[in-house]
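Notes follow the structure.
The values are calculated or read from the model by the stated rules, or taken from the named source; none is laboratory data. Note that the structure is a prediction, hence the values are computed from the model and not measured. So basically every Cβ, Gly included, is an ideal-geometry build from the backbone, and we count neighbours across all protein chains shown. We work out accessible area using only protein heavy atoms, side chains counted, and drop any ligands, DNA or RNA first. Shrake-Rupley method; radii C 1.70, N 1.55, O 1.52, S 1.80 Å.
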Amino acid sequence: MSHIFGRSTKGTMPSAVAGDGCYLIDASGKRYLDGSGGAAVSCLGHSNARVRAALHSQLDTLAFAHTGFFTSDPAEQLADRLVAAAPEGIDRVYLVSGGSEAVEAALKLARQYFMEIGQPQRHRIIARRQSYHGNTLGALAAGGNEWRRAQFAPLLVETSHIAPCYEYRGRTEDETVEAYGLRVANELEAEINRLGAETVMAFVAEPVVGATSGAVPAVPGYFKRVREICDQYGILLILDEVMCGMGRTGHLFACLEDGISPDMITIAKGLGAGYQPIGALLVQGRIYDAVAAGSGFFQHGHTYMGHAMAAAAANAVLSEIEESDLLARVRLQGAKLQAALEESLCQHSHVGDIRGRGLFRGVELVASRETKASFDPAKKIHAKIKAAAFEAGLICYPMGGTIDGLNGDHVLLAPAFIIEDAQIDELVEKLSGAIKVAVKP
């Protein structure tokens, strides 16, 4: 009997004992193609020699020194590298241990920033429906997934949620892509005015929505309009790139493809590629300067922030991405994955949309392609796909509640950047088989 308190109290799971490139291996020797990187984490696969060597070397030098007393060379180097690659104006890096911590830090820093500059009335957060920003209470409050929020609602700070930029579901037939993007972006301005602009501190959004909707990218022009609105009303734009960042879309920072520079960016997952828990909050220089010129102290912190081992792993991950030209590879292999998915599934009577950027792809399942009606949630199509794929030796990331937290099913794919053509074919073949099993009459 296991004493682990796991994600679910039902059933048992195989024990993972080894990793080999894009594959995980269980105790029986069965190999699983990791088609989702766990949760878009394992961007370099499971046996990267450079990262493993960096961790061995760092362990022989320094494992941990509390940031209340010391900085460290790996942390300093990582911050320098992230700032050098980040969008214009980003100048400081706050290192944490994961995505929820990064978002929590962003929300608290946003509040403290306005306190420091003499605007204490600003405290409201606006985000989008069907967003996901983490599971700590502040991050959960910012997120717009009702299924995740429901039982914890009495504990959550009030947050406003506007429409997502979800072209497949939201754009009308007589609307151009550009017009649709402007329409949903302008909901932000309407909500700011409804709340009172002087009370709003931040808008939080994922450049490409991950877990809750399945790799939904914003349409061209959407985030440029959002940036204009935030600037007009003096509101901070916080972009959550925990899942879609660090090369997943073919750019180190996903927002670079949208042509904007946010006030804060949260990253994690692919930053450590699964080799160590690490995340970061990146901020514009003026935000740091406001704290430095005021209280001089960010009233926040965690024990393992800036951990030397984690920073060493992240530095090795960045080196691998840069020196192996993996961003170009992500764009190339992402296009191949999209093409393979379309060839296999675009005529499937229950596949409504295939979307995404780079090696971040989503497949949305529907009961009817013509009406876009979703399956009855009681059918648990997503769970059946996950089980059938896993049985076939494929790890993917299906979820339910795609549309509103209750209705809709999708599969999220986020394979390692090193995925080969033959493995793309294997992924698509096994996923297609799992979908066939899940939706059979």
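Give the accessible surface of the chain per residue, rounded to a whole number of Å², with probe radius 1.4 Å and ligands, DNA and RNA excluded.
Accessible surface, normalised per residue, equals 44 Å².
Taking all protein chains in place and a 1.4 Å probe, what share, in percent, of the accessible surface of the chain do carbon and sulfur account for?
Carbon plus sulfur share of accessible area: 54 percent.
Quick one: work out the % antiparallel among DSSP beta bridges in the chain, nearest 5.
Close to 70 percent.
If the only charges are +1 at each Lys and Arg Cβ and -1 at each Asp and Glu Cβ, what is the size of the charge dipole of region 1-152 around the Cα centre, to the nearest 20 debye?
Dipole magnitude for region 1-152 comes out near 760 debye.
Among residues other than residue 140 whose Cβ falls under 9 Å from its Cβ, what is the net charge (Lys/Arg +1, Asp/Glu -1)?
It works out to a net charge of +2.
So if each residue of separation counts as 0.36 nm, and I subtract the Cα-Cα distance between residue 194 and residue 175, what length gain in nm does that give?
Stretched out fully, the residue 194 to residue 175 stretch lengthens by 4.3 nm.
Please work out the Cα center distance from region 185-252 to region 415-441, rounded to the nearest Å.
31 Å
Run the numbers on the chain and let me know its relative contact order in percent, using alpha-carbon pairs under 8 Å that are six or more apart. Mind showing how you got there, number by number?
Details: 920 pairs, mean separation 97.3, N = 441.
That works out to 22 percent.
Quick one: among 140, 327, 406, which has the greatest mean-square fluctuation in a GNM of the chain with alpha-carbon springs under 10 angstrom?
406
Can you find, among 100, 179, 3, the residue farthest towards the positive end of the dipole of the chain? Put +1 on the C-beta of Lys and Arg, -1 on that of Asp and Glu.
Toward the positive end, the furthest listed residue is 3.
Considering the options 199, 395, 301, tell which one lies farthest towards the positive end of the dipole of the chain, charges being +1 on Lys and Arg and -1 on Asp and Glu at the Cβ, about the Cα centre.
395
What nm distance separates the two modelled labels at residue 436 and residue 346, each placed 7 Å from Cα along Cα→Cβ?
Once both label points are built, they end up 2.0 nm from each other.
If I model a spin label as a point 7 Å beyond the Cα along the Cα-Cβ vector, how far apart are those points for residue 62 and residue 371 in nm?
About 6.4 nm separates the two model spin labels.
Arrange the peptides 176-188, 11-23 so that the one whose residues have, on average, the most other Cβ atoms within 10 Å appears first. Could the numbers behind the result be given before it?
Numbers: 176-188: 17.5, 11-23: 13.3.
Highest-to-lowest ranking by the protection proxy: 176-188, 11-23.
Do the sum for the chain: with -39,500 (n - 2.57) for every DSSP H run of n ≥ 4, divided by all residues, what is the mean residue ellipticity at 222 nm, to the nearest 500 deg cm²/dmol?
After summing the helix terms and dividing by the residues of the chain, the value is -12000 deg cm²/dmol.
How much length is gained if the chain between residue 406 and residue 387 is pulled fully straight, taking 0.36 nm per residue apart and subtracting their Cα-Cα distance, in nm to one decimal?
Details: separation 19, 0.36 × 19 = 6.84 nm, distance 1.98 nm.
Contour length minus Cα-Cα distance gives 4.9 nm.
Set the Förster distance to 25 Å, then compute FRET efficiency between residue 12 and residue 150 from the Cβ-Cβ distance, nearest 0.05.
So the FRET efficiency works out to roughly 0.35.
What are the chymotrypsin sites (Phe, Trp or Tyr not before Pro) within region 50-142 that DSSP puts in a loop, where the Cβ has at most 16 other Cβ atoms within 10 Å?
Loop-located and lightly packed - 64, 69, 70.
Which of 359, 271, 318 ends up with the largest GNM mean-square fluctuation for the chain, with Cα atoms connected below 10 Å?
Most flexible of the set in this elastic network: 318.
About its Cα centre, what dipole magnitude does the chain give when the only charges are +1 on Lys and Arg Cβ and -1 on Asp and Glu Cβ, stated in debye to the nearest 20?
1180 debye
For Cα extents along the principal axes in Å, which listed value, (1) 63, 60, 44; (2) 65, 48, 43; (3) 71, 47, 46, comes from the coordinates shown?
Evaluating Cα extents along the principal axes in Å on these atoms matches (1).
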